[in-house]
1. Just one of (1) crowded, with 20+ Cβ neighbours inside 10 Å; (2) out of contact with any His (no Cβ under 6 Å at 6 or more places or on another chain) trips up A:Pro119, so point out which.
2. Please determine, by comparing only the residues of the range A:229-252 that are touching a Lys or Arg at 6+ places or on another chain (Cβ under 8 Å) and under 22 Å from A:Pro60 (Cβ atoms), which one is farthest from RNA strand B (Cβ to nearest atom).
3. Looking only at the range A:232-250, decide whether some residue is touching a residue at least 24 places away in the same chain (Cβ under 8 Å), buried (at least 17 other Cβ atoms within 10 Å of the Cβ), of a type in the set (D, E, K, R) and touching a Leu at 6+ places or on another chain (Cβ under 8 Å).
4. On the basis of being farther than 30 Å from A:Leu281 by Cα and among the basic types (Lys, Arg), does A:Lys104 make the cut?
5. If I go through the range A:227-243 residue by residue, how many of them are part of a helix (DSSP H, G or I) and over 12 Å from A:Val267 (Cβ atoms)?
6. With the requirement that a residue be in contact (Cβ under 8 Å) with a residue 60 or more places away in the chain, in a loop (DSSP other than H, G, I, E, B) and touching a helix residue (DSSP H, G or I) at 6+ places or on another chain (Cβ under 9 Å), what does the range A:29-49 give you?
7. Tally time: how many residues in the range A:132-166 are away from RNA strand B (no atom under 12 Å from the Cβ) and β-branched (Val, Ile, Thr)?
Amino acid sequence: MHSTIKTSQEKQCTIVVVGPTASGKSAIATALAKKYNGEVLSADSRQIYRGLDIGTGKEPGYDATFIDATGRTRNMYVSDNVAHHMINIVHPTTIYSAAKFVKKAQRIHADICARGKTPIICGGTLFWAQALVEGTVFPSVPPNPSLRAALRDQSPAALLQKLQERDPAYAKIVDPRNPARLIRAIEVATALGAIPRVSSVAPIKNPLILALSPSRDILYTRIEKRMDHWFATGIFDEIVHAHTALRVPWVRLEQFGLEYKWCTRYVRGYVSFATMRTNTLRDLKHYAKRQETWLRRWERSNPYIIRIHTLSDAMHHYSRHTLCRPSQKKS
RNA sequence: GCCGAGGUAGCUCAGUGGUAGAGCAAAGGACUGAAAAUCCUUGUGUCGAGAGUCCGAUUCUCUCCCUCGGCA
């Protein structure tokens, strides 16, 4: 039952490994990649940045190149002898987005399949992972920096008013007190006249979605341990290096959130070590909680998500999935 | 031992003669080109203990206990 050799009955599938921070996604994804001739496609909104390694939880590795299915040379990241994609793809000052991620990741996914490998989507940015799996098409309105700057200081009420003038229907369903939501809605409505309905095109076929879900006690312990390990192994140097050698402004570093936010302040002498540590830990726990909330919601709309705890759970479900799939055929 | 300031939600503290709130934490939720971001909802606790005054005390008085300063 645990055969690692592909039989003719096995069908190609994409493994998806999600879960909160510090739940052990990377280790499982890498192990699955070795087991099933796979390549990892990262869905992590921070590991895309070069030079942010420790605090983003990158597994040790190096940048390398490979030849894709069309014969082109492409970049990848190699960790534990496994190819990883969507890691170290942009400079930290680059503004990236979920839409860009989905577009690029779809191409990479197709290429992995074309080369006969098993794609393993792995990441903690559930928004990105779900959008990729479901093939979400975002309104094709890129961010408008000057509009955003102009709206930045307006009250939610004023923003809502503006949105009502453009798209009253959408104004009824947005979060009326969330500036980020309101500004994006105004941005889209200004460009297109109204907010288009969201559509899902080109979802990933035959996904096996595995969700790591350690108990909260265990997770919080792991988060704290990992955080202290980062403090001890050079995250402060990394931040200083990003600022001096990579010329990443301090404000930008703070924008990355979590430890980058607090360690940057600590490195600059604005907060004590104790404050930095306490706040980082608090924010990490909040983050993990939001990831779990997202996962629960996704589960409500997708009954095929499977909760797992170990690598052998993952392998067990992979075997079942590839050998005798439930009727989830394309229609 | 004396003087002073306090003891109210897990923490920091407001507050009132008619049995109490805020922030943070915690829990839950939202999320469609910022997502490690952004935002929403949820607060009954012997108001340190005992006694007294009062129709009624967490609020006033007394005693005690504890904490923190200062003086010895």
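1. Answer for A:Pro119: the failing condition is (2).
2. A:Leu246
3. Within the range A:232-250, one or more residues are touching a residue at least 24 places away in the same chain (Cβ under 8 Å), buried (at least 17 other Cβ atoms within 10 Å of the Cβ), of a type in the set (D, E, K, R) and touching a Leu at 6+ places or on another chain (Cβ under 8 Å).
4. yes
5. So the count comes out to 5.
6. Within the range A:29-49, A:Tyr36, A:Ala43, A:Asp44, A:Ser45, A:Arg46 meet the criteria.
7. So the count comes out to 1.
This table checks each residue for (1) assigned to a strand (DSSP E or B); (2) under 26 Å from A:Ala27 (Cβ atoms); (3) modelled with pLDDT of 90 or more.
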| site | (1), (2), (3) |
| --- | --- |
| A:Val102 | no, yes, yes |
| A:Ala110 | no, no, yes |
| A:Cys122 | yes, yes, yes |
| A:Gln154 | no, no, no |
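The values are calculated or read from the model by the stated rules, or taken from the named source; none is laboratory data. Everything quoted here is computed from the prediction, not taken from an experiment. Note that we place each Cβ from the backbone using ideal geometry, even for glycine, and neighbour counts take in every protein chain shown.
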